[in-house]
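The structure appears right after this line, and notes come after that.
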Amino acid sequence: MAAAPSPAVAAPLTSAMRGVLEGMASAGHPALHTLPAQDARVAYAKGSDVLEVPRAPLARVQDLQVPVRNGAMLHARLFAPSQSKLPVLLYLHGGGFTIGSVQTHDILCRQLSRLSGAAVLSLDYRLAPEHRFPTAVHDAWDALQWLHGQGEALGLDTRRMAVGGDSAGGTLSAVCALMARDAGLPLALQLLIYPCCIAHADTPSHSTYGQGYVLDAPSIAFFFAQYMPDPAQREDWRFAPLNAPDHSGLAPAWIGLAECDPLVDEGIAYGDTLRAAGVAVDLEIYRGVTHEFIKMGRAIPEATQAHQHAGAALRQAFGLTS
């Protein structure tokens with residue numbers, strides 16, 4: 001294991017981001033990593049939309065059941081701005097493979113659908129510790145294959161598909177893009193919002209932003225322990241997509257990162273690795289904001305900027321007119 005890096009000088013937070021962190025501290029809620037996983041889910045869900053933009057009305061919002069291996073049926077929600085035959089993004093929510101749901105990311109998925117003009121299918125993949133690695137990977141990949149095979153019956157254009165997600169969902173999306181390449185399943189884009197890409201929390205940004213920036217070192221350790229308790233297994237590229245042996249031939253990537261985030265270094269590294277393998281990459285770093293900022297559009301202007309940028313990336317990838 002690499003030696004612990006020396007912390008760099010932390011980038012300054014925006015005044016709005018600093019105000020959000022002060023408000024979170026003054027609220028006095030227990031840290032999620034101090035709670036049992038089930039209680040952490042409830043606590044996260046209660047606060048998940050406090051700083052979100054208003055819930056956008058859409059022409060189509062439909063709850064579905066998606067079959068995956070072993071006979072399980074997973075809840076999913078389809079969002080679309082019209083009843084037309086639209087390209088579709090499979091969205092995989094964040095939450096350290098332990099918390100989060102279709103409901104906690106409902107507003108974000110509505111924004112992506114509204115701003116891109118595409119459909120979005122958000123998946124409730126199974127969570128740890130009840131369902132540890134690689135269950136989330138299997139669920140995400142099975143859902144992507146199901147969507148490719150059954151999307152036409154839902155009125156979707158499965159010739160134009162993408163996969164995306166935030167945080168742990170970004171990890172799963174990067175993994176699905178690798179698996180899609182190997183299976184010959186064409187994707188127009190992989191939309192990666194501050195993904196976790198490495199096996200161990202050992203980059204300089206993990207030291208610099210490991211305390212006091214929403215996602216902290218104890219939380220990361222908690223989530224990793226729920227999902228994959230054995231550190232020796234974390235070299236698996238399905239957990240750490242930067243470890244995949246070959247990144248060539250992948251779908252183009254849009255990568256959105258928060259500057260003041262433990263995960264920023266690995267997001268940059270993943271973008272560099274993709275570019276070196278010949279993959280088209282559009283990488284945006286939103287300055288002075290933290291992990292989870294994209295769900296804070298009521299308070300953080302950079303969140304609505306990221307919504308616009310992600311929507312534009314999907315429009316371009318799908319060939320939709322603006």
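Read-outs: derived from the displayed coordinates by stated rules, not from any lab. None of these values were measured; they are calculated from a predicted model. Every residue, glycine among them, receives a Cβ derived from its backbone with ideal geometry; neighbour counts consider all protein chains shown.
Calculated FRET efficiency, Ala59 and Gln305, Cβ-Cβ r, R0 30 Å, to nearest 0.05?
Using R0 = 30 Å, I get an efficiency of 0.75.
Only Lys, Arg, Asp and Glu count, each charged at its Cβ (+1, +1, -1, -1), so figure out the dipole size of the chain about its Cα centre, rounded to 20 debye.
The dipole magnitude comes to about 880 debye.
How big is the range 47-156 in terms of Cα radius of gyration and Dmax, in angstroms?
13.8, 39
Place a point 7 Å from Cα of His200 in the direction of its Cβ. Which residues in the range 228-266 have their backbone N less than 13 Å from it?
Under cut-off, by backbone N: 231-236.
Loop-only chymotrypsin sites (Phe, Trp or Tyr not before Pro) in the range 60-149, please: DSSP not H, G, I, E or B, and at most 11 other Cβ atoms within 10 Å.
Counting only loop positions with at most 11 other Cβ atoms within 10 Å, none of the chymotrypsin sites (Phe, Trp or Tyr not before Pro) in the range 60-149 qualifies.
Dipole of the range 30-318 (Lys/Arg Cβ +1, Asp/Glu Cβ -1, origin at the Cα centre): which of Thr34, Pro231, Leu156 lies farthest to the positive side?
Positive-end residue among those listed: Leu156.
Roughly what % of DSSP beta bridges within the chain run antiparallel, to the nearest 5?
Antiparallel bridges: around 30 percent, rounded to the nearest 5.
Report, largest value first, the span of the C-alpha coordinates of the range 200-322 along each principal axis, in whole Å.
Between the extreme Cα coordinates on each principal axis of the range 200-322 lie 47, 39, 23 Å.
Calculate, in nm to one decimal, what Ala31 and Ala280 gain on full extension: separation in residues at 0.36 nm each, minus their alpha carbon distance.
85.8 nm
Local charge sum around Gly297 (other residues, Cβ-Cβ under 15 Å, Lys/Arg +1, Asp/Glu -1)?
-1
Pick out which of Ala303, Ala72, Ala177 has the largest mean-square fluctuation in a Gaussian network model of the chain, springs linking Cα atoms closer than 10 Å.
Of the options given, Ala72 has the highest mean-square fluctuation.
Given only helices, namely DSSP H runs of n ≥ 4 each adding -39500 (n - 2.57), what is the per-residue ellipticity at 222 nm of the chain, to the nearest 500 deg cm²/dmol?
-11000 deg cm²/dmol
Cut-off is 10 Å between beta-carbons; in what order do Lys46, Lys85, Lys295 appear when sorted fewest neighbours first?
Exposure proxy ranking, most exposed first: Lys46, Lys85, Lys295.
Check which residues have an amide H placed less than 5 Å from Gly288's amide H, if you skip close sequence neighbours.
Glu259, Cys260
Apply the Kirkwood formula to the range 30-318: the hydrodynamic radius equals the inverse of the mean of 1/r over all pairs of different alpha-carbon atoms; give it in Å with one decimal.
18.5 Å
Under 15 Å from the Cβ of Pro57, count the other residues' Cβ atoms, weight Lys and Arg +1, Asp and Glu -1, and hand me the total.
Net charge around Pro57: +3.
List the relative contact order of the chain as a percent without decimals, with contacts defined as Cα pairs under 8 Å and 6+ residues apart.
Reported relative contact order: 21 percent.
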